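Report on the structure given below.
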Amino acid sequence: MDDFSTRPSPIRRQGSATNAAVLTAVFVLSAALLTALSPLARGAGSVIDAPSETAAITRPYAHSIAIQLVEPGSEGLELTARLSDDSNLIRRDISWSVANPEGEVLFSGDTPVAEPALPPGDYVVRARYGTVRLEQGVTLLTGNRLAVSFVLEMGGIRVLPRLAGAALPPAESQTLIYAASGKERGRLITTSRTPGEILRVAAGDYRIESRFVTGNASAVTAVKVRPGRMSAVEIDHQAGLARLAFVGAPEAHVSWQVFADDGEALPPVAGLSANFVLKPGSYRAEADLGAEKLEARFQILPGQQRDILLGN
């Protein structure tokens with residue numbers, strides 16, 4: 001199911017009581033009531049510390065609370081989340097944990113819906129989805145089953161790096177996402193080496209840096225991520241592709257290195273062939289065979305793809 005649907009969410013289904021003698025009532029409460037329910041709640045702006053590759057959510061709050069009356073001893077929580085206020089429940093795995101006030105983790109798991117059975121008491125709910133983390137305190141009363149649905153206020157970025165006027169080159173790429181607004185401004189939020197991968201991030205402004213692992217080309221662009229929506233970015237590199245290949249003995253051990261005329265030396269790449277994405281300019285390619293070195297000089301223009309063949 002598409003997490004980025006913006007269709008109105010269906011009314012949440014309530015489970016029926018297994019015991020006919022148990023009176024069941026459901027109350028849909030406002031998000032503000034979650035804070036009132038729990039003395040552990042830190043308020044709408046609370047966040048937890050996140051590792052360097054993860055951004056903390058800036059506005060964690062409960063979308064809704066449903067209370068089902070159950071027999072004492074059958075208490076528990078039902079935890080769900082959605083990307084935005086008007087999107088469907090997330091159907092992919094979310095990393096959930098529930099701890100008591102002393103920090104002891106009583107439940108943890110990766111699942112779209114967490115349903116831990118817990119005795120009445122105060123708890124801290126933590127969740128992680130994509131690069132977003134949240135923390136919220138809840139109080140579970142005797143004879144209650146408490147269902148909480150969180151709104152993460154997040155969207156997605158999908159980046160496809162290309163050469164100018166051409167498709168994705170056969171070279172490993174790297175995408176770096178930096179926050180350009182909010183408390184995380186200037187911070188590296190996440191990275192990816194998979195073109196077209198969906199990166200789930202908090203809503204906000206971001207700076208995208210795209211580069212290729214073999215080569216010296218890079219490109220930068222900006223994107224605004226809206227809750228519940230995915231921003232697809234095709235980022236064009238004003239660069240060309242040099243396809244280097246050794247045409248001698250197939251068992252040869254070859255190490256390639258490319259040097260720019262301005263003195264820049266690119267990291268070596270081993271193999272009978274190598275692909276370098278290069279910004280426009282003049283270059284020298286070397287094939288190191290141990291006892292012998294072969295070289296060729298060439299130029300690269302934006303969007304150009306050149307085959308450089310060396311052999312003995």
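Pick from 220, 159: which is without any contact (Cβ under 8 Å) to a residue 24 or more places away in the chain, part of a strand (DSSP E or B) and under 29 Å from residue 307 (Cα atoms)?
On the way: 159 fails: without any contact (Cβ under 8 Å) to a residue 24 or more places away in the chain.
Selected residue: 220, the only one of 220, 159 that is without any contact (Cβ under 8 Å) to a residue 24 or more places away in the chain, part of a strand (DSSP E or B) and under 29 Å from residue 307 (Cα atoms).
Of all residues being of a type in the set (D, E, K, R) and either assigned to a strand (DSSP E or B) or touching a helix residue (DSSP H, G or I) at 6+ places or on another chain (Cβ under 9 Å) (or both) in region 76-124, which is surrounded by the most Cβ atoms within 10 Å (Cβ to Cβ)? Just the residue, please.
Taking region 76-124 first, the residues of a type in the set (D, E, K, R) are 78, 82, 85-86, 91-93, 102, 104, 110, 115, 122.
Within this subset, residues satisfying the condition of being either assigned to a strand (DSSP E or B) or touching a helix residue (DSSP H, G or I) at 6+ places or on another chain (Cβ under 9 Å) (or both) are 78, 82, 110, 122.
Values: 78: 18, 82: 23, 110: 11, 122: 15.
Filtering region 76-124 for residues that are of a type in the set (D, E, K, R) and either assigned to a strand (DSSP E or B) or touching a helix residue (DSSP H, G or I) at 6+ places or on another chain (Cβ under 9 Å) (or both), the one surrounded by the most Cβ atoms within 10 Å (Cβ to Cβ) comes out as 82.
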Residue in region 232-241 that is under 23 Å from residue 168 (Cα atoms), crowded, with 20+ Cβ neighbours inside 10 Å, of a type in the set (Gly, Ala, Ser) and at pLDDT below 95 present: yes
Residue in region 197-211 that is without any contact (Cβ under 8 Å) to a residue 24 or more places away in the chain and of a type outside the set (Phe, Trp, Tyr) present: no
Residue ID - surrounded by the fewest Cβ atoms within 10 Å (Cβ to Cβ), chosen from residues in region 199-219 that are modelled with pLDDT under 95 and among the β-branched types (Val, Ile, Thr): 213
Counted residues, region 177-212 - those being touching a strand residue (DSSP E or B) at 6+ places or on another chain (Cβ under 6 Å) and within 30 Å of residue 262 (Cβ to Cβ): 13
Condition met for residue 277 (touching a residue at least 12 places away in the same chain (Cβ under 8 Å), crowded, with 16+ Cβ neighbours inside 10 Å, in contact with a Gly (Cβ under 6 Å, 6 or more places away or on another chain) and of a type in the set (Val, Ile, Thr)): yes
Total residues in region 127-159, condition among the charged types (D, E, K, R), closer than 20 Å to residue 3 by Cα and surrounded by fewer than 22 Cβ atoms within 10 Å (Cβ to Cβ): 2
Neighbours by Cβ (under 8 Å, 6+ apart or cross-chain): first from region 225-251, closer than 15 Å to residue 204 by Cα; second surrounded by 17 or more Cβ atoms within 10 Å (Cβ to Cβ) and among the acidic types (Asp, Glu): 227/153
Enumeration of residues in region 252-272 that are under 20 Å from residue 169 (Cα atoms) and either without any contact (Cβ under 8 Å) to a residue 12 or more places away in the chain or touching a Leu at 6+ places or on another chain (Cβ under 6 Å) (or both): 256, 258
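Among the residues of region 234-252 satisfying the criterion of being assigned to a strand (DSSP E or B) and small (Gly, Ala, Ser), which is nearest to residue 164 (Cα to Cα)?
If we filter region 234-252 for residues that are assigned to a strand (DSSP E or B), which is where we start, we get 234-237, 240-246.
Subsequent filtering for residues that are small (Gly, Ala, Ser) retains 240, 242, 245.
Working: 240: 8, 242: 14, 245: 23 Å.
Here the answer is 240.
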Region 180-197 - residue that is under 22 Å from residue 82 (Cβ atoms) and modelled with pLDDT of 95 or more and, of those, surrounded by the fewest Cβ atoms within 10 Å (Cβ to Cβ): 190
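The values are calculated or read from the model by the stated rules, or taken from the named source; none is laboratory data. Just so we're clear, the structure is a prediction, and the values are computed from it rather than from any experiment. Reconstructed Cβ throughout: ideal geometry from the backbone, glycine too, with neighbour counts over all protein chains shown.
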